[in-house]
Amino acid sequence: AWIEKYPSHWECSKVKYYLEKLIAGGTPESGNADYWIDSGEGTPWVSIADITLNPDVSTTKKDVTDAGIKAKNLKILPKGTVLYSIFASLGKIGEAKVRLTTNQAILGLVPTKKLNKELFKYWLHSVEAHLGLLSSSNTQDNLNAEKVGNLPILLPPAEEQQTIAAFLDYETARIDR
């Protein structure tokens with residue numbers, strides 16, 4: 001219902017059906033020195049500032065210790081996970097270039113093999129301007145894992161996804177040049 005016409009061989013569904021994992025983060029107690037360590041010495045802990053500085057996240061401003069991970073029951077996201085902001089700066093996108101964990105404002109999205117990760121990131125960029133319509137707001141706009149998982153998505157077959165993603169990569173690089 002949200003789009004009038006699309007190719008009949010494309011699937012119209014919800015994002016959650018094309019994700020292996022949708023993982024929320026958290027923040028260990030900030031005043032506990034046992035939970036935090038200098039960047040590069042622990043597990044990178046992603047905040048929105050880290051994605052803003054560089055969407056290809058391999059280092060972060062803060063690292064969390066094993067004790068901090070255990071205390072907050074944080075999940076370690078695999079390299080290649082799509083990082084997606086759900087508080088305040090809605091819809092900012094990054095990618096984990098190393099194993100890491102995130103704060104509660106960032107979701108880790110691990111696409112299934114049926115979903116081309118690069119095309120998925122383009123799609124996430126395309127819906128960013130509309131996320132305010134789905135958000136809850138007190139003092140800032142917020143989404144949650146359920147709302148992100150229920151976002152509608154049109155999905156062409158795998159080969160077509162690859163072709164579209166390659167075209168968008170080419171055209172984006174051309175524009176950037």
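Could you give the length gained on full extension between LEU22 and ASP38, defined as 0.36 nm per residue of separation minus the Cα-Cα distance, in nm?
Details: separation 16, 0.36 × 16 = 5.76 nm, distance 2.76 nm.
Result: 3.0 nm gained on full extension.
May I ask for the net charge around LEU77, where only other residues with Cβ less than 9 Å from the Cβ of LEU77 are counted and Lys, Arg are +1 while Asp, Glu are -1? Walk me through the intermediate numbers first.
Details: positive: LYS21, LYS75, LYS79, ARG99; negative: none.
Net local charge, LEU77 excluded: +4.
Per residue, how many Å² of accessible area does the chain show with a 1.4 Å probe?
Values: 10080 Å² over 177 residues.
In whole numbers, the chain has 57 Å² accessible per residue.
With springs only between Cα atoms under 10 Å, which of PRO157, PRO55, PRO111 fluctuates most in a Gaussian network model of the chain?
Checking each option, the largest mean-square fluctuation is seen for PRO157.
What accessible area, in Å² to the nearest ten, does a 1.4 Å probe give for THR59?
Taking all protein chains as shown, THR59 has close to 100 Å².
Given the protein chains as shown and a 1.4 Å probe, how many square angstrom of LYS62 are accessible, to the nearest 10?
We get 100 Å² for LYS62.
For the cross-link pairs LYS79/LYS113; LYS5/LYS114; LYS72/LYS121; LYS70/LYS92; LYS14/LYS117, which exceed 24 Å when the distance is taken from alpha carbon to alpha carbon?
Those over the limit are LYS72/LYS121; LYS70/LYS92.
Quick one: work out Rg over Rh on the C-alpha atoms of the range 30-122, Rh as Kirkwood radius. Working shown, then result.
Details: Rg = 13.0 Å, Rh = 13.4 Å.
Ratio of gyration radius to Kirkwood radius: 0.97.
Subtracting the Cα-Cα distance from 0.36 nm times the residue separation, let me have the gained length for ILE76 to ASN144 in nm, one decimal.
Result: 22.6 nm gained on full extension.
For the chain, what does -39500 (n - 2.57) per DSSP helix run (n ≥ 4), summed and divided by total residues, give at 222 nm, in deg cm²/dmol to the nearest 500? If you can, show how the numbers build up before the last one.
Numbers: 5 runs with 48 residues, N = 177.
Helix contribution divided over all residues of the chain: -8000 deg cm²/dmol.
Once you sort the root eigenvalues of the Cα gyration tensor of the range 65-110 as a ≥ b ≥ c, which label holds: rounded (a/c under 1.5), prolate (a/b larger than b/c) or oblate (the other case)? Before the final figure, lay out each step's value.
Working: a/c = 2.83, a/b = 1.38, b/c = 2.05.
Oblate is the answer for the range 65-110, as a/c is 1.5 or above yet b/c matches or exceeds a/b.
Could you order TRP45, TRP10 by accessible surface area, starting with the largest, using a probe radius of 1.4 Å? Don't jump to the answer; show the numbers that get you there.
Working: TRP45 20, TRP10 55 Å².
Result, largest first: TRP10, TRP45.
At a probe radius of 1.4 Å, what is the per-residue accessible area of THR65, in Å² to the nearest 10?
Answer for THR65: close to 20 Å² accessible.
Mind putting a number on the dipole of the chain about its Cα centre? Charges go on the C-beta only, +1 for Lys and Arg and -1 for Asp and Glu, and I need it in Debye to the nearest 20.
Here the chain has a charge dipole of around 300 debye.
Over the Cα atoms of the chain, Rg to Rh with Kirkwood Rh, two decimal places? Don't jump to the answer; show the numbers that get you there.
Working: Rg = 17.2 Å, Rh = 17.2 Å.
In the chain, Rg relative to Rh is 1.00.
Please state the charge dipole magnitude for the range 26-70, taken about the Cα centre, from unit charges on C-beta atoms (+1 on K and R, -1 on D and E), reported in debye and rounded to the nearest 20. Display every interim value, and only then the final one.
Values: 3 positive and 8 negative charges, 25 e Å.
Charge dipole, the range 26-70, about its Cα centre: 120 debye, nearest 20.
In degrees, nearest 10, range 0 to 90: what is the angle between the Cα axis of helix 117-127 and the longest Cα principal axis of the chain?
The two axes meet at around 80 degrees.
Do me a favour and compute the ellipsoid semi-axes for the range 24-81 from its Cα gyration tensor, root of five times each eigenvalue, largest one first, whole Å.
On the way: eigenvalues 67, 32, 20 Å².
For the range 24-81, the semi-axes come out at 18, 13, 10 Å.
Report the FRET efficiency, 1/(1 + (r/R0)^6), for GLU29 and TYR170, where r is their Cβ-Cβ distance and R0 is 35 Å, rounded to 0.05. Walk me through the numbers before you get to the answer.
Details: r = 47 Å, r/R0 = 1.34.
E between GLU29 and TYR170, to the nearest 0.05, is 0.15.
As a test of reading the structure, rank ARG177, ARG99 by solvent-accessible area (1.4 Å probe, protein chains only), most first.
Values: ARG177 195, ARG99 155 Å².
I get ARG177, ARG99, largest accessible area first.
The values are calculated or read from the model by the stated rules, or taken from the named source; none is laboratory data. What you see is a predicted model, and the numbers here were worked out from it, not measured in a lab. Backbone-built Cβ (ideal geometry, glycine too); neighbour counts: all protein chains shown. When the accessible area is computed, the model is the full protein with side chains, heavy atoms only, and any ligands, DNA or RNA have been set aside. Shrake-Rupley method; radii C 1.70, N 1.55, O 1.52, S 1.80 Å.
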